[in-house]
Amino acid sequence: MVSQQADTTEPRVQDILNRSRRFGLLADTLTYPDGEQWQAVSADLALMLETHAPMLSEGERAAAEGLARAWQESDEEAVRAEYGRLFLGQTPCSLHEASYSSARNLAGPSAAIADISGFYLAFGVDIRDDSPERPDHLPTELEFYATLLVKEAYALFNGWHEEHEITVEAARQFLGDHLGRWRGVLSARLGSLDACRPYPEIAGWLDVILESECDLRQLVPEPLGDMVSDPMQSDALICPHAGSPDTAQGHQPLHFMRHEP
């Protein structure tokens, strides 16, 4: 009986961990592509396609392969310049959830950020100053969701039913209230800005993964609205390695500390 349970549990655990890796890789593609980051993402995309291709849907495989090609064919310096144009400072395409209008956010951006921070704190995300970023930053949300999936897999593997149920429900709520609402938002903004590769391909892969994950969780999240003036954004265009405008304004930075679940 124990053997039969292990036979059914282990493939589920592996599937959850594979999804976690893809969400984590998406987070990496949307962080500033310095030289080290560029090489790491390139290698991780190739490895992901090599190991995950048989388990990907046709749509996700096509999106991931398109991104891998675009990443390899793009010029590093040009991509760094495009990242700055699109995502840094008083940006035309914010990666901060609170920069978008929403019927849910009538209390203002601080309420959305507080809700996201509550998820992070509940699952042991530490606050540090060495890599400052706002909690509603899309790559941070993606990395947090990847962390939730690892915790979900760990609880399932160990037979911790209560912990598993808590983590599944938290992941479902976070996806429905925050991360899942990004579907279609980034691709639409990048399309209107004639963004250079590989960013349209990243947005396309994001949409496919979010659609799949929301279907799995049986969710239809309310999409984020149009970009609005974000009072928490700095007017300055600052390289992410030269300090954060959010830190300068006194906003609490966020950095993931990786712990065992």
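The values are calculated or read from the model by the stated rules, or taken from the named source; none is laboratory data. Computed from a prediction, not measured in an experiment: that's the story for all the values here. Backbone-built Cβ (ideal geometry, glycine too); neighbour counts: all protein chains shown. These accessible areas exclude ligands, DNA and RNA; they are computed on the full protein's heavy atoms, side chains included. Shrake-Rupley method; radii C 1.70, N 1.55, O 1.52, S 1.80 Å.
Note on the range 75-102: among residues that are acidic (Asp, Glu) and free of Cβ contacts under 8 Å to residues at least 60 places away in the same chain, the one that is most open to solvent (accessible area, probe 1.4 Å) is 77.
The criterion of at least 1 residues that are exposed (fewer than 12 other Cβ atoms within 10 Å of the Cβ), at positive phi and at pLDDT 90 or above is met by none of the helices (runs of 4 or more DSSP H) falling completely within the range 1-74. Select from the range 122-152 the residues that are at pLDDT 90 or above and over 13 Å from the mean Cα position of the chain (by Cα) and write down the one among them that is surrounded by the fewest Cβ atoms within 10 Å (Cβ to Cβ). Top of the filtered list is 122.
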